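A.B. asks: First the structure, then my questions, so here it is.
The values are calculated or read from the model by the stated rules, or taken from the named source; none is laboratory data. Not measured: the values here are computed from a predicted model. So basically every Cβ, Gly included, is an ideal-geometry build from the backbone, and we count neighbours across all protein chains shown. Note: areas computed on protein heavy atoms with side chains; ligands, DNA, RNA excluded. Shrake-Rupley method; radii C 1.70, N 1.55, O 1.52, S 1.80 Å.
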Amino acid sequence: MKKNKHKCIAGLFFYVTLNAQVGIKTQNPNALLDVNGTASLRKELRVGGTASQVGSAGLNGQVLVSQGEGLPPVWKSLNVSFVEEGQYKLINSYLSTDQVGITSLSANVAADGIYQSNIGDDITDITKGKWVKITGLENNFVIKNSKNKLNYQFQTGVEMKAPAATTSQNITFTCAVFRNGKLVAVRPDKISSNNNSTKQGLQDYIFTLNYTEQNIPAGNQKIEIACRKIDSSSLTTEFTIGRNISNSNTISNAFTLESVFKLDIIEFVTY
């Protein structure tokens with residue numbers, strides 16, 4: 001049976017058991033030091049010391065991690081930074097690649113002649129342009145917090161081949177991001193060949209589209225990437241997006257011209 005000694009120093013009541021357990025605001029301490037209340041440290045907290053060596057105070061930004069019963073806690077560095085309420089946090093990232101690309105806009109396929117695109121255009125409305133999807137880049141996901149940011153990063157190779165290697169030709173085209181079938185980001189561009197007789201009339205180009213959309217409604221979302229041919233200086237000019245025109249040439253291949261799409265979902269932190 002434990003016997004307690006009661007002490008009072010400057011109004012602070014604490015109890016010391018005969019087996020050297022100290023309790024503050026408790027008459028029955030359950031550990032060497034048992035504090036029934038709050039504690040305030042004015043300097044560092046050191047752990048893991050010995051009779052001959054002072055404990056470690058850790059490094060700036062480290063957290064104290066338990067090693068289980070009977071072992072001292074240790075300071076550890078977090079691989080993921082703290083996110084406070086009221087900040088934005090990266091929730092998910094999706095990365096898609098595709099080497100099939102688009103070949104259906106090549107020679108003898110007329111351009112749609114529509115130079116303007118608008119936010120909200122439907123991907124199936126041919127009066128807004130003849131969009132062709134890069135099916136391998138489709139992404140489906142769920143938004144949980146309506147206060148958010150979606151970062152779109154799309155890059156693809158584009159290739160054209162003029163009917164005659166010594167004749168300059170050009171094609172105007174555009175690619176866009178569609179969310180739930182509606183246009184949310186778009187960028188037009190042009191590829192031109194300039195007497196590429198040394199490359200069999202082939203011309204390669206890199207197309208890039210970056211855009212951030214904010215405050216997407218919560219719920220299921222579907223992202224698609226599609227492109228269309230706006231204008232061409234020659235109907236017989238060959239044209240591909242996201243792949244090479246022919247595997248027989250030594251200028252390019254499907255890997256060097258593949259399409260890459262990265263989607264980052266960033267949501268507002270609430271607790």
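A.B. asks: Holding the Cα-Cα limit at 27 Å, pick out from Lys128/Lys222; Lys76/Lys262; Lys144/Lys182; Lys190/Lys262; Lys149/Lys190 the pairs that are longer than that.
C.D. replies: Where the Cα-Cα span goes over 27 Å, the pairs concerned are Lys76/Lys262; Lys149/Lys190.
A.B. asks: Determine ³J(HN,Hα), in whole Hz, for all residues of segment 103-110 in sequence, where each value follows from phi through the Karplus function 6.51 cos²θ - 1.76 cosθ + 1.60 and θ = phi - 60°; x replaces Gly and Pro.
C.D. replies: Rounded to whole hertz, the list is 10, 7, 10, 7, 4, 6, 10, 5.
A.B. asks: Another one. For Asn215 and Leu95 in one chain, what is 0.36 nm times their gap in residues minus the Cα-Cα distance, to one decimal in nm? Spell out each step's value before the answer.
C.D. replies: On the way: separation 120, 0.36 × 120 = 43.20 nm, distance 2.13 nm.
The span from Asn215 to Leu95 would gain 41.1 nm if fully extended.
A.B. asks: Normalised by the number of residues in segment 157-210, what is the relative contact order in percent for Cα pairs under 8 Å and 6+ residues apart?
C.D. replies: Result for segment 157-210 is 46 percent.
A.B. asks: Also, quick follow-up: Show Ile251, Ile241 ordered by accessible area, largest first, where the area counts protein heavy atoms only and the probe is 1.4 Å.
C.D. replies: Sorted descending by solvent-accessible area, the residues read Ile251, Ile241.
A.B. asks: Where the centroid of each part is defined by its Cα atoms, how far is segment 99-120 from segment 153-223 in Å?
C.D. replies: 9
A.B. asks: Testing the spin-label approximation: label points 7 Å from Cα along Cα→Cβ at Gln153 and Thr38. State their distance in nm.
C.D. replies: Modelled inter-label distance: 4.5 nm.
A.B. asks: So, one more: Label 7 Å along Cα→Cβ of Ser104; segment 242-271 residues with amide nitrogen under 16 Å?
C.D. replies: 242-243
A.B. asks: For Lys182 and Ser66, what is the calculated FRET efficiency with R₀ set at 45 Å and r taken between the beta-carbons, to the nearest 0.05?
C.D. replies: With a Förster radius of 45 Å, E is 0.35.
A.B. asks: With every protein chain kept in the model, how would you rank Ile206, Ile119 by accessible area, 1.4 Å probe, largest at the top? Write out the running numbers ahead of the final one.
C.D. replies: On the way: Ile206 90, Ile119 125 Å².
If we order Ile206, Ile119 from most to least accessible, we get Ile119, Ile206.
A.B. asks: I need the phi-derived Karplus couplings for segment 121-126: 6.51 cos²θ - 1.76 cosθ + 1.60, θ = phi - 60°, integer Hz, Gly and Pro marked x.
C.D. replies: 4, 7, 5, 9, 7, 6
A.B. asks: Still on this structure: The chain: percent of C-alpha pairs farther apart than 22 Å?
C.D. replies: Values: 25533 of 36585 pairs.
Here the tail beyond 22 Å accounts for 70 percent of pairs.
A.B. asks: So what is the relative contact order for the chain, in percent, with contacts set as C-alpha pairs under 8 Å and at least six apart?
C.D. replies: Relative contact order for the chain comes out at 24 percent.
A.B. asks: Of all DSSP beta bridges located in the chain, what percent are antiparallel, nearest 5?
C.D. replies: 95
A.B. asks: Something else now. Find, among the chymotrypsin sites (Phe, Trp or Tyr not before Pro) in segment 203-232, those assigned to loop by DSSP (not H, G, I, E, B) with at most 16 other beta-carbon atoms within 10 angstrom.
C.D. replies: When the chymotrypsin sites (Phe, Trp or Tyr not before Pro) of segment 203-232 are filtered for loop state and at most 16 Cβ neighbours within 10 Å, nothing remains.
A.B. asks: Roughly how much of Ser168 is accessible, in Å² to the nearest 10, using a 1.4 Å probe?
C.D. replies: Near enough 70 Å² of accessible area.
A.B. asks: Sticking with this structure for a sec: Using the heavy atoms of the protein chains alone and a 1.4 angstrom probe, what is the accessible area of segment 41-161 per residue in square angstrom?
C.D. replies: Per residue, segment 41-161 has an accessible area of 68 Å².
A.B. asks: How much of the accessible area of the chain, in percent, comes from carbon and sulfur atoms when a 1.4 Å probe is used? Write down the numbers at each step before the final one.
C.D. replies: Numbers: 8200 of 16250 Å².
About 50 percent, which is the carbon plus sulfur part of the accessible surface.
A.B. asks: Still on this structure, please answer the following. Using DSSP to call loops (not H, G, I, E or B), can you name the chymotrypsin sites (Phe, Trp or Tyr not before Pro) in segment 76-170 whose Cβ has at most 15 other Cβ atoms within 10 angstrom?
C.D. replies: Passing sites in segment 76-170 are Phe82, Tyr115.
A.B. asks: Let me ask something else about it. Once phi is turned into θ = phi - 60°, what whole-Hz ³J(HN,Hα) does the Karplus curve with 6.51, -1.76 and 1.60 give for every residue of segment 240-255, x standing for Gly and Pro?
C.D. replies: Once rounded to whole Hz, the list reads 9, 10, x, 6, 7, 5, 9, 6, 7, 7, 9, 8, 8, 8, 5, 5.
A.B. asks: Using a Förster distance of 30 Å, how high is the FRET efficiency between Val54 and Ala31, based on the Cβ-Cβ distance and rounded to 0.05?
C.D. replies: It comes to 0.90.
A.B. asks: Let me ask something else. How far is it, in nm, from the label point at Phe141 to the one at Asp264 when both lie 7 Å from their Cα along the line to the Cβ?
C.D. replies: The modelled label-to-label distance comes out at 1.1 nm.
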